[in-house]
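Following: one structure in structure tokens, then a few remarks.
The values are calculated or read from the model by the stated rules, or taken from the named source; none is laboratory data. Being a predicted model, the structure only gives us computed values, none of them experimental. Note that each Cβ is placed from the backbone with ideal geometry, even for glycine, and that neighbours are counted across all protein chains shown.
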Amino acid sequence: MKFGTKAIHAGIEPDPSTGAIMTPIYQTSTYVQTSPGQHKGFEYSRTHNPTRKALENSLAILENGKHGLCFSSGMGAIDTIIKMFEPGDEIISTNDLYGGSYRIFTKVFQRYGLKFNFVPMHNTEAIEEKINEKTKMLWVETPTNPLMNIIDIKACAALAKKHNILLAVDNTFSTPYLQNPLDMGADIVMHSVTKYIAGHSDVVMGAIVVNDDKLRDTLAFLQNSCGAVPGPQDCFLVLRGIKTLHVRMQRHCENGRIVAEYLDKHPKVGKVYWPGLSHHPNHEVAAQQMKDFGGMISFTLKSDTKEDAVKVLEKFKYFTLAESLGGVESLSGHPASMTHASIPVAERQKSGLKDSLIRLSVGLEDVEDLVEDLRQAIG
Ligand SMILES: Cc1ncc(COP(=O)(O)O)c(C=O)c1O
């Protein structure tokens with residue numbers, strides 16, 4: 001089955017009691033038992049819910065994985081993955097990553113005795129240098145948020161196998177439409193479903209997909225114990241969003257290319273960060289592991305000042321200034337003061353995240369209007 005067919009049909013059965021083609025919203029906390037322990041596979045909605053189950057099946061199939069688990073947010077999913085580890089364990093993470101991931105690693109889990117090493121993971125040697133007997137997992141985000149570095153998933157998988165450690169990939173920016181990390185040797189795929197998968201800026205949700213049964217059981221145990229589960233109405237909205245994921249992603253990529261090429265030629269624009277540009281330092285790896293290059297673009301102005309970046313952000317008409325990304329509408333952001341404000345300035349500077357950086361989530365509007373918006377805002 002090809003991706004678009006999977007997006008529409010995979011994991012979804014017509015409702016057995018009515019034939020409803022859309023999975024109903026099972027708005028229930030509990031399920032009747034005819035005798036203690038005798039039920040239809042559902043006991044309590046923190047553990048299982050039929051609407052959530054349909055979504056988990058759909059996401060597992062889209063990621064070419066065996067098991068899906070949905071969470072109340074992307075952070076809920078990350079929290080659950082990290083809770084698999086013990087004090088003293090070490091995790092190597094990319095140094096250019098979503099600010100909330102950096103915050104949970106350093107401000108929450110470091111307090112419980114876990115150690116995180118942040119390295120530029122597009123340099124595989126830099127990763128291997130940090131691996132020791134306490135290392136338990138590599139945490140990869142690719143493309144990275146917000147600098148759009150591309151990390152070679154296959155090279156990381158080879159390294160993880162060699163040292164017998166896990167490889168987790170935050171696949172939020174790519175979605176299963178553009179890349180499937182499990183196929184490249186990753187053990188865990190994680191998503192902020194809030195973004196492209198849901199796609200309409202109306203849901204906050206996270207997901208994990210794995211192949212290994214034991215890993216699934218550990219994660220499901222932690223999920224059920226800690227309770228970060230999504231409600232059935234949100235699961236329904238995401239099931240609906242997924243049906244157009246392939247079509248939306250095609251348009252995000254098409255619009256992304258036109259916007260990136262426009263910015264790249266603009267005399268007032270300094271650096272453009274988009275993996276589809278042939279001068280992007282990791283363009284070759286991106287071309288190998290991604291089907292296309294996505295709709296996330298970052299750029300700086302030639303003047304390279306925060307003040308000028310803020311002026312542009314204030315002038316946008318369609319690139320609405322807001323946190324988040326991946327919805328049908330175009331958004332803009334200032335990572336240093338918004339999504340990545342929780343990363344200390346010194347760390348931001350080390351990874352190359354400047355105060356002058358503007359991040360765009362290119363939406364599905366007519367691209368001529370988006371280019372016009374850039375023209376009037378940048379001048
Ligand atoms: C790459 C990435 N991972 C994880 C998250 C966290 O997801 P959520 O906001 O759904 O908790 C985000 C949110 O922006 C993100 O961009």
For region 113-158, how many residues meet the condition of being among the hydroxyl-bearing types (S, T, Y) and in a helix (DSSP H, G or I)? 1
Does region 35-44 contain at least one residue that is acidic (D, E), away from the ligand (no atom under 16 Å from the Cβ) and at pLDDT 95 or above? yes
Limited to region 73-87, what total is found for residues that are within 11 Å of the ligand (Cβ to nearest atom) and in a loop (DSSP other than H, G, I, E, B)? 1
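Where in region 166-245 are there helices (runs of 4 or more DSSP H), lying fully within it, with 2 or more residues that are crowded, with 19+ Cβ neighbours inside 10 Å, within 18 Å of the chain's Cα centre (by Cα) and touching a residue at least 40 places away in the same chain (Cβ under 8 Å)?
Filter on region 166-245 gives 175-178, 232-242.
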Within region 318-340, the residues that are more than 11 Å from the ligand (Cβ to nearest atom) and either part of a loop (DSSP other than H, G, I, E, B) or at pLDDT below 95 (or both) are Y318, F319, A322, G327, V328, E329, S330, H334, A336, S337
May I ask you to list the residues in region 91-109 that are among the hydroxyl-bearing types (S, T, Y), assigned to a helix (DSSP H, G or I) and near the ligand (Cβ under 10 Å from one of its atoms)? S101
Would you tally the residues in region 292-314 being out of contact with any Ser or Thr (no Cβ under 9 Å at 6 or more places or on another chain) and either crowded, with 16+ Cβ neighbours inside 10 Å or within 24 Å of G206 (Cβ to Cβ) (or both)? 4
Across region 152-165, what is the total count of residues that are within 16 Å of the ligand (Cβ to nearest atom) and either surrounded by fewer than 23 Cβ atoms within 10 Å (Cβ to Cβ) or under 14 Å from the mean Cα position of the chain (by Cα) (or both)? 0
Just checking, does region 122-144 include any residue being among the acidic types (D, E), within 30 Å of V247 (Cβ to Cβ) and either surrounded by fewer than 24 Cβ atoms within 10 Å (Cβ to Cβ) or within 16 Å of the ligand (Cβ to nearest atom) (or both)? yes
Meets criteria (without any contact (Cβ under 8 Å) to a residue 24 or more places away in the chain, among the polar types (S, T, N, Q) and in a loop (DSSP other than H, G, I, E, B)) for S278: yes
